[in-house]
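Asks: Here's a structure for you.
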Amino acid sequence: MASGGFEEDDAEGTITINEYIERMDAEELAADLVLGGDEGDECTYPKGYMKRQAIFSCITCTPEGGAGICTACCLSCHDGHELLELWTKRNFRCDCGNSKFGTLACKLLPSKDIENSENSYNHNFKGLYCTCGRPYPDPNVEEQVEMIQCCLCEDWFHEEHLGLKPSDSVGSQIPRDEEGEPIYEDFICQNCSPLCSFLTRYPEKLWVAAQVDSTGCANACSETVESNKTHMDSEPGQLENSTEAEKSVMRKCSEKISKSEPGNLENSSEAVESVVQKCSEKIIDSEPVPANGCAIGTDINSFPDFEKKPLFLSKNWRNILCRCEKCLEMYKQRKVSYLLDAEDTIVEYEKKAKERRTEKLEKQEGEALDLLNNLDHVAKVEILHGIKDFKDELKGLLESGSGGPSKAITSADIDQMFSNLKNKRKRME
């Protein structure tokens, strides 16, 4: 089957059937991840301000970009309109049919409030992004550049406009591994970073990822490796600059490194890095030991030395945020309480989307089997014969193409295949 190919336009050439199927599966998965498994059957307005959902902006109805609509309204109420896909937004309620749309009523749910006062809008709703205020895709740029999203304001930014400096702990580039994959979980833009200035009270490795060096190990990891080597023989009292949680994990790291094979330590740092990686994960996942009832100190509203800059946050960084009463009140005042909610993260959103996708596919398969099982014997035989005929025709098509297995399959070949099936059906009748 892999030798057969579908004919596309001249610019794209041909692709194999396996490639075509893989492409379709990838596109369906990408769509499901963005939509969160939403089938678009019902307006989400009755669900209130949802923690996270896919949102679209209709430029036809609201050219100034002051409204957002859900997937169902995008399909039912704004079909044929100029629409912008905004990926996902938090704490948002569908605006379709409210006062922002004039006389246009929502076809799915006409009765709605005049406006949704808790919704938040930015220039993304106008189709503009980043500090440069350019659209995406940008018609003035030949090659579109990847953008990353701030987990607070949810705007998207070009790497060159992040405000990174060589003096920053991450350097002047987005922290990635050797394969170019990001090594951070969340990003906070420099304009939003003052809202999270309290993160400076936590160990640096928890809230900022480091650049990757030539060995493929993040600088923060390398520094931790050296730190552990230095402290292998240290007494507990010598780790005075570490938090209590770090001290506990550091001791375990030292014990594991000490027990490693000598040859591994002398000839390669892989064994040490493996241990440190596991220990780092334990540090990140562990609950901090409160000091005076708070993990970040007594004066939680004073950060005089904070420098406004972009922040890259490590995996599971939200797990270690302090949850004492003072900190909870501070998050509320700064309007960032959602950082404590696991369902707010894109990771959790996509995880649930994948689960819904799996459930949907299993349901479809089950429904197909139920339909077949409920048919009488004659109908079952007819369907099975039809499936066999289709497989035979498709096999012949793939083996012959329009001139051999190395030839591309054209639309005319596919039309001929269905014509053959139709004629065979007629003969049988």
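The values are calculated or read from the model by the stated rules, or taken from the named source; none is laboratory data. It should be emphasised that the depicted structure is a prediction, and the values quoted were computed from it without experimental measurement. No Cβ is skipped: glycine too gets one built from the backbone with ideal geometry, and neighbour counts run over all protein chains shown. Quick note on the areas: whole protein, heavy atoms, side chains included, nothing else; ligands and nucleic acids left out. Shrake-Rupley method; radii C 1.70, N 1.55, O 1.52, S 1.80 Å.
Asks: State the extension gain, in nm to one decimal, for the chain segment bounded by ILE114 and ALA412, taking 0.36 nm per residue of separation less the distance between their alpha-carbons.
Replies: Details: separation 298, 0.36 × 298 = 107.28 nm, distance 5.41 nm.
Stretched fully, the ILE114-ALA412 segment lengthens by 101.9 nm.
Asks: Between SER314 and residues 5 or more places away or on another chain, which pairs have amide H atoms under 5 Å apart, with H built 1.01 Å from N, and which residues are they?
Replies: Distant-sequence amide H within range of SER314: GLU185, TRP207, VAL208, ALA209.
Asks: Now for a different question. Do any of LYS351/LYS395; LYS352/LYS388; LYS315/LYS354; LYS360/LYS388; LYS351/LYS388; LYS51/LYS112 go past 29 Å between their Cα atoms, and which? If you can, show how the numbers build up before the last one.
Replies: Details: LYS351/LYS395 37 Å; LYS352/LYS388 37 Å; LYS315/LYS354 20 Å; LYS360/LYS388 26 Å; LYS351/LYS388 38 Å; LYS51/LYS112 19 Å.
Pairs exceeding the cut-off: LYS351/LYS395; LYS352/LYS388; LYS351/LYS388.
Asks: Put a dot 7 Å past each Cα toward the Cβ at LEU394 and LYS360; how far apart are the dots in nm?
Replies: For LYS360 paired with LEU394, the spin-label model returns 2.1 nm.
Asks: Here's a follow-up. Compute the length gained on full extension between ASP41 and LEU421: take 0.36 nm times their separation in residues and subtract their Cα-Cα distance, giving the result in nm to one decimal.
Replies: Working: separation 380, 0.36 × 380 = 136.80 nm, distance 3.48 nm.
Separation in residues times 0.36 nm, less the Cα-Cα distance, equals 133.3 nm.
Asks: Ignoring everything but the protein chains, give the 1.4 Å probe accessible area of TYR136 in square angstrom, nearest 10.
Replies: 110 Å²
Asks: So, counting K/R as plus one and D/E as minus one, what does the shell of residues with Cβ under 15 Å around LYS126 add up to? Walk me through the intermediate numbers first.
Replies: Numbers: positive: LYS89, LYS100, ARG134; negative: GLU64, GLU82, GLU85, ASP95, ASP138, GLU154, ASP155.
Every neighbour counted, the sum reads -4.
Asks: Right, something else. Please work out the FRET efficiency for the pair HIS161 and GLU307, using the Cβ-Cβ distance as r and a Förster radius of 22 Å; give the result to the nearest 0.05. Can you show the working numbers first?
Replies: On the way: r = 18 Å, r/R0 = 0.82.
The value I calculate is 0.75.
Asks: How far apart, in nm, are the 7 Å Cα→Cβ label points at GLN173 and LYS352?
Replies: Simple spin-label model gives 3.6 nm for this pair.
Asks: OK, next. Residue-wise, which Karplus ³J(HN,Hα) couplings in Hz belong to the stretch 119-127, taking 6.51 cos²θ - 1.76 cosθ + 1.60, θ = phi - 60°, and x for glycine or proline?
Replies: Once θ is set to phi - 60°, the couplings for the stretch 119-127 become 5, 10, 10, 9, 6, 4, 5, 9, x Hz.
Asks: Under a crude label model (7 Å from the Cα following the beta-carbon direction), how far is GLU28 from GLU181 in nanometres?
Replies: 2.4 nm
Asks: Solvent-accessible area of SER314, probe 1.4 Å, all protein chains present, reported in Å² to the nearest ten, please.
Replies: Here the residue's solvent-accessible area equals roughly 20 Å².
Asks: Just how far, in whole angstrom, is the stretch 301-350 from the stretch 33-110 if you go by their alpha carbon centroids?
Replies: 28 Å
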